[in-house]
Amino acid sequence: MTLWHGRLSGGTADVVMDYSVSLHVDRRLAHDDIAGSQAHVRGLGRGGLLTDEEVTVLVGTLDRVQAELDDGTFAFEPDDEDIHTAVERRVTELAGDVGAKLHTGRSRNDQVATDLRLYAKRELTELAAQVIDLQDVLVTRAKEAGDTYLPGYTHLQRAQPVLLAHHLLAHGWALARDVDRLLATVARLDVSPLGAGALAGSSLPLDPDGTASDLGFAGRFENSLDAVSDRDFVVEALFDLALLGVHLSRIGEEVVLWSTEEFGFAILDDAFATGSSMLPQKKNPDVAELARGKSGRLIGNLTALLVTLKGLPLAYNRDLQEDKEPFFDSVDQSRLALAALTGLLATVTFDSDRMQEAANGSSVAAVDLAEWLVQQGMPFRQAHSVVGGLVHDSLERHVPLAELVEAHPALGSDAVALLEPGVAVTRRTTPGSAGPEAVAVQMGRFAHRLEADRIRVASLS
Ligand code: ARG
């Protein structure tokens, strides 16, 4: 029997049920749906719409339904269109007549919005914690890396040497912004829609403030139309996860590059690599490639919901049911990507000899020569041209750059010392730069931020 059999006669066509059913998707909201219903029941009790005994019976029955769902004995029925319908049906079967009072003053419109916000609060907080775990691995690896340096690239051409720690922390700071965004989204969505009804509130003495605090929300909705039609929080979550996915894709791409024979900077642990069905010698970075590839899907999920919402009139429209699949998919994919990349980065071996060898070419210190000339009083543009000319001659005439520097009247043997392997990176001394002293400071600030974010997440969990 449908929830609307009083109004519509003759039954619903099978295809309508097939088309509109969402139970396979929204059953993951069961826990939040039951929590929402229990808060609603207590609110009805405070408003005198249920006796204390009825409240006890309904709350207890909802606990039983939860237990059935947990132990797998809950039997879904073909008419259970969504999780809300299924739970209400079962409550009525178990509790008898009082079950028919559960939905008093409530609509599935405020109900589903409440469930989804409870779910989002929890999941986004857990995702933020997972991002912090990944950052933790990055900072651990950065500490282990010590003074190891590698070429920093622009345009994927060797540019200047940077500490490996600096490179790893660069990804760490991007992830810190992801944590911040996820927690800001959680703070903004922390509003209960329960009590908005179908769209306009109720004539019954409901208690939206009370149910909001009962459910742990920071407050209740201000406008019932907005409460049932707002999916900004899902869009924001999808954006946060899409950008997180983009950040993971950039890490993934570097792992792919670094583990090639051409680079040889990284050797994947066997547990985080895959083989080939045909080529016996292969060791492939599939995890890193999926981190790169799945970012497309996360962006797609964001786009899908934005397009669904575009032009929707107030208030609830069934289109809104399409919010859950992309959201749940992005949550699941982000969790898997974070777990897999965290494991990969915790176990990867960095080949510091290969990295340093690649960074020891004398031309990566070219800017140090120019800066040395600047310190002797030469204008930078002129210094740039002098050193550029020497690099050009060195390549054209196949003469080592050091020889040309030694022979140059404005440079000489003091300047040659700048070309020694490992020297250039030590000369990056400005705040936030890639050299050892600045990176030591950065590492301290990063660890501090990480600790503060851990505390923020713990206070929400
Ligand atoms: N399954 C629906 C959803 O996810 C629940 C709300 C249904 N409301 C309605 N008026 N048909 O949006």
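Every read-out reported here was derived from the displayed coordinates using simple, explicitly stated rules and does not represent laboratory data. These numbers come from a predicted model, not from an experiment. With ideal geometry, Cβ positions are generated from the backbone for all residues, glycine too; neighbour counts draw on all protein chains shown.
Once Lys and Arg get +1 and Asp and Glu get -1 on their Cβ, which of 370, 311, 343 lies farthest toward the positive end of the dipole of segment 311-379?
Toward the positive end, the furthest listed residue is 311.
Stokes-Einstein D for segment 155-249 at 4 °C, 1.567 mPa s, Kirkwood Rh over Cα pairs, in µm²/s?
Reported coefficient: 79 µm²/s.
Can you tell me how much longer the chain between residue 93 and residue 71 gets when fully stretched, taken as 0.36 nm per residue apart minus their C-alpha distance, in nm with one decimal?
Value of the extension gain: 6.1 nm.
Under a cut-off of 20 Å between alpha-carbon atoms, report the aspartates and glutamates in cross-link reach of residue 282, not counting same-chain residues fewer than 8 places apart.
253, 254, 261, 262, 269, 270, 351
Where does the chain land at 222 nm, in deg cm²/dmol rounded to the nearest 500, when only DSSP H runs of n ≥ 4 count, each adding -39500 (n - 2.57), divided by all residues?
Numbers: 19 runs with 289 residues, N = 461.
Helices in the chain give a 222 nm mean residue ellipticity of -20500 deg cm²/dmol.
Suppose the chain between residue 187 and residue 346 were pulled fully straight at 0.36 nm per residue; how much longer would it get relative to their current alpha carbon spacing?
On the way: separation 159, 0.36 × 159 = 57.24 nm, distance 3.10 nm.
Residue separation times 0.36 nm, minus the Cα-Cα distance, leaves 54.1 nm.
For segment 40-158, with equal point scatterers placed on the C-alpha atoms only and solvent neglected, what are the log10 I(q)/I(0) values from the Debye formula at q = 0.22 1/Å, to two decimals?
Taken in order of the listed q values, log10 I(q)/I(0) reads -1.27.
Tell me which GluC sites (Glu not before Pro) from segment 210-291 have a DSSP coil assignment and no more than 11 other beta carbons within 10 Å of their own.
Those satisfying the criteria are 222, 261, 262.
May I ask you to list, by number, the DSSP H helices of the chain whose Cα span along the axis is at least 15 Å and whose average Kyte-Doolittle hydropathy reaches -1.0 or more?
What comes out of the filter, once short or polar helices are dropped, is 30-46, 52-71, 83-95, 108-145, 164-189, 232-258, 286-309, 324-347, 380-397, 436-460.
Once every Cα of segment 249-340 carries one equal point scatterer and solvent is ignored, give the base-10 log of I(q)/I(0) from the Debye formula at q = 0.14, 0.15 Å⁻¹, two decimals.
-0.64, -0.69
Give me the three principal axis extents of the chain from the C-alpha atoms, as integers in angstrom, largest value leading.
Here the Cα extents, ordered largest to smallest, are 99, 53, 39 Å.
Could you tell me the distance between the Cα centroids of segment 149-184 and segment 1-34, to the nearest Å?
Their Cα centres are 49 Å away from one another.
Among 281, 206, 221, whose Cα lies farthest out toward the positive end of the dipole of segment 199-286, if unit charges sit on the beta carbon of Lys, Arg (+1) and Asp, Glu (-1)?
Farthest along the dipole direction, towards plus: 281.
Enumerate the whole-percent occupancy of each 5 Å bin, from 0 to the last occupied one, for all C-alpha pair distances of segment 266-314.
Taking every Cα pair in segment 266-314, the percentages come to 5, 17, 15, 14, 11, 9, 8, 7, 6, 5, 3, 1.
Tell me which lysines have Cα within less than 28 Å of residue 101's Cα, excluding those fewer than 8 residues away on the same chain?
Hits, sequence-local ones excluded: 324.
Where in segment 143-162 is the amide nitrogen less than 17 Å from a point lying 7 Å along the Cα-to-Cβ axis of residue 423?
Within reach of a label on residue 423: 160-162.
How long are the three semi-axes of the equivalent ellipsoid of segment 1-87, in whole Å, if each is the root of 5 times an eigenvalue of the C-alpha gyration tensor, listed from largest down?
Ellipsoid semi-axes (Å, largest first): 26, 18, 10.
Using a 7 Å offset from the Cα along the Cα-to-Cβ direction at both residue 218 and residue 23, what is the distance between the two label points in nm, to one decimal?
Simple spin-label model gives 3.7 nm for this pair.
Where in segment 112-139 does the amide nitrogen come within less than 17 Å of the point 7 Å from the Cα of residue 461, taken along Cα to Cβ?
Output list for this probe position: 120-137.
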